[in-house]
Amino acid sequence: MTMKTAEKFDGTQVRGDFPILRQRVNGKPLVYLDNAATSQKPQAVIDAMNRYYLEENSNIHRGVHFLSDKATQSYEAARTAIARFINAPAPRQVIFVRGTTEAVNLVAASYGRVRFREGDEVLVSAMEHHSNLVPWQMVCEQTGAMLRIIPMNDRGELFIDKYEKMFNSRTRFVAVVHVSNVLGTVNPVAEIIRIAHGNGVPVLVDGAQAVPHMRVDVRALDADFYAFSGHKMFGPTGVGVLYGREELLEAMPPYQGGGDMIKSVTYHKTVYNDLPYKFEAGTPNIVGGVGLGATIAYLESLSFGAVAAYENDLLAYATERLAEIPGLRIIGTAREKASVISFVLEGIHPHDIGTILDDDGIAIRTGHHCAQPVMQCFGIPATARASFALYNTKHEIDILVKGIHKAQKVFS
Amino acid sequence: MSALRELYQEVILDHNKSPRNFGRLEHPDRKVDGYNPLCGDHFTIFLKLNGDVIEDIRFDGAGCAISKASASVMSSVVKGKTIAEAEELFGLFHRLVTGEGDPMEQVERLGKLAAFSGVSEFPARVKCATLAWHTLHTALRTGEHRTTTE
């Protein structure tokens, strides 16, 4: 790692930590602006995962032998680091899952399917990713509960007053995204949770896009469930976290059955294991957990406040530069935004923008971003999206702007 | 920029800007929706058949330049053709955009479709180029339902 203490942060200080950024694409230096889809990994994370397979690989929680003990320690140390990182009261409230999607499905199945009854109501926001919408649609179909949508304005901000009025005696659950992957909106989740709790309703927060950009404190938010993915926060794919309030997790039945989630098994009866193992059936993604632990260590070596200030600066610069382009419209103009910019160009479909930018080595996302209802809300089929991470620079934004001008020239 | 120029040839830019046969047919014999769930491109194809001849064709919907131009060029080349001839052109076009064999050898039969030769350099865009054709194929083979590129 190149820096530790800086009050002032600059993306160029850490670019060297991310080996993939050194490559050229189509003969041009890679400009990676698809961080909301997945982020790149620092050498420290790659090394930790390598080291695990080179020196520690074994199954966890089982063997009495040296390697099994070492692997278990590494995996559980990662859990402890994550708990500290999000300020969870205890590591047993940190459940390893495949990613945000599995975390939401776990809660939908083990909480929703068990508790929701016909006529109950579940609130989700109008800006949810499919991963925090479809599982709730499924559980509503199974239980007869009804999904209600918290509306948003044309800037991409939720109507909190309308949300507050949606509560009634049948409201059972709220599932809401912390930071929108399409609009960049940072939702006031602490307030959203406070209102729900005032009505005795628990809240799940999809934090997939929040964790890479801000310090998340699950206790300060008072979240009942908080879900996020490793790969969007510079860690490996295939591993993520469900944080849950202990009494809720305790009361929930297991999500999947199998090894490691049991205390004792006879042919007819099983006593389930304690938290968090009750929810971790089967051999988990051990190397993923170890990698995520290394990711936390990497992030903790940086000053989060300084990184956030730097990203805000990038966002402000990119917003200003893009807004200058004739025919460009930014989708998502919330007052509180993370460094994600969706846009459409008059007369040019996002896919064509994506192809033309790629020719200059610029990676952006185009399409509906797994949020088709959000597209419908804004009356557009798709957007182009540039999403920035701590290693991006203003110079790269200049290259993006040049690329957009080039796309306009091709289609002029 | 040469691969890009190959992709966005004049014919494609022109048909994107001013698509031919764009709109709906009243009382079509066949009407099929085509949809690419990956990108949200969607087109509806309307056909008027006279025996096994495609007497008239229109398309409606929205998509990227490649998918829209492809639908437009397709509509103009299959109009007046028999079902068998249209299916044969689809086969030829498919080989062209996936870079299988050398369909440019048959450049005369491809006609305006040859403008899509650059697509083979962009595997991610093959589905854009073939969406309308898959939809037409479904319309010719079956009747009224929906097709996707998946």
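Throughout, read-outs are computed from the coordinates displayed, never taken from laboratory work. Model, not experiment: these values are computed from the prediction. Glycine gets a Cβ as well: all are built from the backbone with ideal geometry, and neighbour counts include every protein chain shown.
Looking at this model, which pairs from A:Lys406/B:Lys17; A:Lys409/B:Lys112; A:Lys402/B:Lys112; A:Lys232/A:Lys394; B:Lys48/B:Lys68 are more than 26 angstrom apart at the alpha-carbon?
A:Lys402/B:Lys112
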- Hey, what's the Kirkwood Rh for the stretch A:130-176 if you take every pair of different alpha carbons, in angstrom? 11.9
- Note on the structure: For A:Lys70, the aspartates and glutamates lying under 16 Å Cα to Cα, once residues fewer than eight places off in the same chain are dropped, come out as A:Glu55, A:Glu56
- Item | Mean separation of Cα contacts under 8 Å, 6 or more apart, over the residue count of the stretch B:2-144: relative contact order % | 30
- Item | DSSP loop GluC sites (Glu not before Pro) with at most 12 other Cβ within 10 Å: longest gap in chain A | A:119-323
- Positive-end extreme of charge dipole, chain B - chosen from B:Gly101, B:Phe22, B:Val32 (charges on Cβ): B:Phe22
- Farthest toward the dipole's positive end in the protein assembly as shown, which of A:Gly354, A:Ala220, B:Ala62, given Cβ charges of +1 (Lys, Arg) and -1 (Asp, Glu) about the Cα centre? A:Ala220
- Query: Hey, got a sec? Which trypsin sites (Lys or Arg not before Pro) in the stretch A:32-112 land in a DSSP loop and have at most 15 other Cβ atoms within 10 Å?
  - Reply: A:Arg62
- In debye, nearest 20, what is the charge dipole magnitude of the stretch A:1-124 about its Cα centre with +1 on Lys and Arg Cβ and -1 on Asp and Glu Cβ, if you could check? 200
- Message: Show me the chymotrypsin sites (Phe, Trp or Tyr not before Pro) within the stretch A:262-325 that DSSP assigns to loop and that have at most 13 other Cβ atoms within 10 Å of their Cβ.
- Response: A:Tyr267
- Note on the structure: Rounded to the nearest 0.05, FRET efficiency between B:Leu38 and A:Glu250 (Cβ-Cβ, R0 51 Å) equals 0.80
- Message: Once you keep just the Cα pairs under 8 angstrom separated by 6 or more residues, what percentage relative contact order results for chain A?
- Response: 24
- Positive minus negative residues near A:Gln142 (Lys, Arg vs Asp, Glu; Cβ under 13 Å): 0
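Do any GluC sites (Glu not before Pro) in the stretch B:1-86 lie in a DSSP loop with no more than 15 other beta carbon atoms within 10 Å, and if so, which?
B:Glu26
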- Measuring from its Cα centre, the stretch B:24-137 shows a charge dipole (+1 at each Lys and Arg Cβ, -1 at each Asp and Glu Cβ) which, in debye to the nearest 20, is 340
- Note on the structure: In chain A, taking the dipole from +1 charges on Lys and Arg beta carbons and -1 charges on Asp and Glu beta carbons about the Cα centre, the listed residue (A:Ile404, A:Ala309, A:Leu21) farthest towards the positive end is A:Leu21
- Expected integer from the mean partner chain Cβ neighbour count at 10 Å over A:43-55 is 0
- Query: Nearest 20 debye, what's the magnitude of the dipole of the protein assembly as shown about its Cα centre given +1 on Lys and Arg Cβ and -1 on Asp and Glu Cβ?
  - Reply: 420
- Query: Could you give the radius of gyration (one decimal) and Dmax (whole number) of the Cα atoms in the protein assembly as shown, in Å?
  - Reply: 26.2, 79
- Footprinting exposure proxy for B:Thr142, A:Thr101 (fewest neighbouring C-beta atoms within 10 Å first): B:Thr142, A:Thr101
- Looking only at other chains, what is the average number of their beta-carbon atoms within 10 angstrom of each beta-carbon in B:35-44? 3
